[in-house]
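The values are calculated or read from the model by the stated rules, or taken from the named source; none is laboratory data. Just so you know, these numbers come straight off a predicted model, no measurement behind them. Methodologically, a virtual Cβ is constructed for each residue, glycine included, from the backbone with ideal geometry; neighbour enumeration extends over all protein chains shown. The area values use the complete protein model at the heavy-atom level, side chains included, leaving out ligands, DNA and RNA. Shrake-Rupley method; radii C 1.70, N 1.55, O 1.52, S 1.80 Å.
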Amino acid sequence: MRHILLWMARNRWLKEHLPRLPFARRAVRRFMPGETVDEALAAAEPFRSHGIGLLFTRLGENLANLGEAQEVADHYHALIDEIATRGLDGEISVKLTQLGLDLDPDATFSHALSLSEHAARTGGTFWIDMEGSAYTEATVAMYERLKAEQPNIGLCLQAYLRRTPDDIQRLLPLNPAIRLVKGAYDEHAAVAFRKRSEVDGAYQSLAVLMLPKAAAGELRLGLGTHDLELVDRIAAYGASAGHPKTCFEVQMLYGIRARDQIRLVQDGYRVRDLISYGEAWYAWYLRRLAERPANVAFALRQLFG
Ligand SMILES: Cc1cc2nc3c(=O)[nH]c(=O)nc-3n(C[C@H](O)[C@H](O)[C@H](O)COP(=O)(O)OP(=O)(O)OC[C@H]3O[C@@H](n4cnc5c(N)ncnc54)[C@H](O)[C@@H]3O)c2cc1C
């Protein structure tokens, strides 16, 4: 099922036709408050009242021309200003291909640097999402280049990739901000673990490796997962080593484990919710379905009203 859904995410014909169907638009609402930035900002308000921070991402990936990258950058600059005006604890998270990585890495660097400087001026971190493994090296290298210019930048790393332990060792001396996730793409066994138990094991070891650095203030650590048992195990390790609960932040996606996000804050953890919005939700939505087969049943129920 996971492989079929991830194949569907890449299929051009489906990408063009499926999003037009009303049932698909209804179903995606579970994970996305709407297609516009205003809907995303409105959805942020209840999180503020619960003491949950926000991440915003406008959906979209590879671009056809550099003009589109400029439009994406302008959009995020306006969003950073709007977050500051509203006094939200909000940060942005962006895919480098949205800023033109396929077309012109230097232009991507300039956009990302300018966005990170803008975010830093308003007290926030500029986060970089991690895409499929074809982009990993370019993304890590871009992160190093940006980090040399500007401290407030975070990077997502995927525990399922076999290279990630080396990437962490490579980045730790930079005092990085790292969001550790399991990984959402369909990767070959040569580059990624494919068994759930292996991915979970890799996630736990990497998080445990980074906790002392996070506790020492040498790393900002985000655990981007809804796997509460995994978070509990990592937190228990941290507690046994004398690290405070606040040395990492749990980051989850909008619409998933909403009640647990509130409970975690009440239990003394720091939590941040990632709100996605935008018209280009098709491939992203299919990846959410692939993460949990029960979501497919939910989508089908929308088909039958
Ligand atoms: C803040 C954040 C940012 C992310 N950024 C990236 C990125 O940049 N690159 C990338 O490759 N991946 C990213 N991901 C996705 C990530 O790689 C996983 O695919 C996703 O988080 C599912 O894995 P899990 O850790 O939640 O664990 P799983 O083992 O998949 O899930 C644990 C439990 O959480 C619940 N759950 C998980 N997913 C869903 C869902 N879709 N719907 C309903 N319930 C669910 C279920 O109860 C499930 O049993 C991000 C995830 C988060 C939370």
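A few points about this structure:
- Single residue of Glu82, Glu137, Glu61 found to be modelled with pLDDT of 95 or more, under 19 Å from the mean Cα position of the chain (by Cα) and surrounded by fewer than 20 Cβ atoms within 10 Å (Cβ to Cβ): Glu137
- Neighbours by Cβ (under 6 Å, 6+ apart or cross-chain): first from segment 277-294, closer than 18 Å to Gly60 by Cα; second part of a loop (DSSP other than H, G, I, E, B) and within 8 Å of the ligand (Cβ to nearest atom): Arg287/Ala184; Arg288/Phe31
- Search result, residues across segment 261-286 that are touching a helix residue (DSSP H, G or I) at 6+ places or on another chain (Cβ under 6 Å), of a type outside the set (Phe, Trp, Tyr) and not in a loop (DSSP other than H, G, I, E, B): Arg270, Val271, Asp273, Ile275, Ala283, Leu286
- If you go through segment 98-155 and keep only what is under 20 Å from Leu54 (Cβ atoms) and aromatic (Phe, Trp, Tyr), you end up with Phe126, Trp127.
- Residue within segment 155-164 that is open to solvent by 30 Å² or more (accessible area, probe 1.4 Å) and under 26 Å from Arg288 (Cα atoms) present: yes
- Candidates Asp129, Asp167 - the one that is closer than 26 Å to Tyr254 by Cα, surrounded by 16 or more Cβ atoms within 10 Å (Cβ to Cβ) and among the acidic types (Asp, Glu): Asp129
- Some residue of segment 190-198 being touching a Cys at 6+ places or on another chain (Cβ under 7 Å) and of a type outside the set (Ser, Thr, Tyr): no
- Of the residues making up segment 259-285, those that are modelled with pLDDT of 95 or more, charged (D, E, K, R) and surrounded by fewer than 20 Cβ atoms within 10 Å (Cβ to Cβ) are Arg259, Asp260, Arg263, Asp267, Arg270.
- Pick from segment 1-38, criterion among the acidic types (Asp, Glu) and more than 19 Å from the chain's Cα centre (by Cα), ranking: nearest to Arg292 (Cα to Cα): Glu16
- Summed over segment 231-258, the residues that are over 23 Å from Glu45 (Cβ atoms) and surrounded by fewer than 19 Cβ atoms within 10 Å (Cβ to Cβ) give a count of 12.
- Inter-residue pairs, beta-carbon under 6 Å, first under 15 Å from Ala283 (Cβ atoms) and in segment 2-31, second aromatic (Phe, Trp, Tyr) and in a helix (DSSP H, G or I), 6+ apart: Lys15/Tyr282; Pro19/Tyr282; Val28/Tyr285
- Subset tally (residues that are at positive phi and away from the ligand (no atom under 12 Å from the Cβ)) for segment 251-289: 2
- Within segment 22-58, the only residue that satisfies the criterion of being hydrophobic (A, V, I, L, M, F, W, C), modelled with pLDDT of 95 or more and assigned to a loop (DSSP other than H, G, I, E, B) is Ile52.
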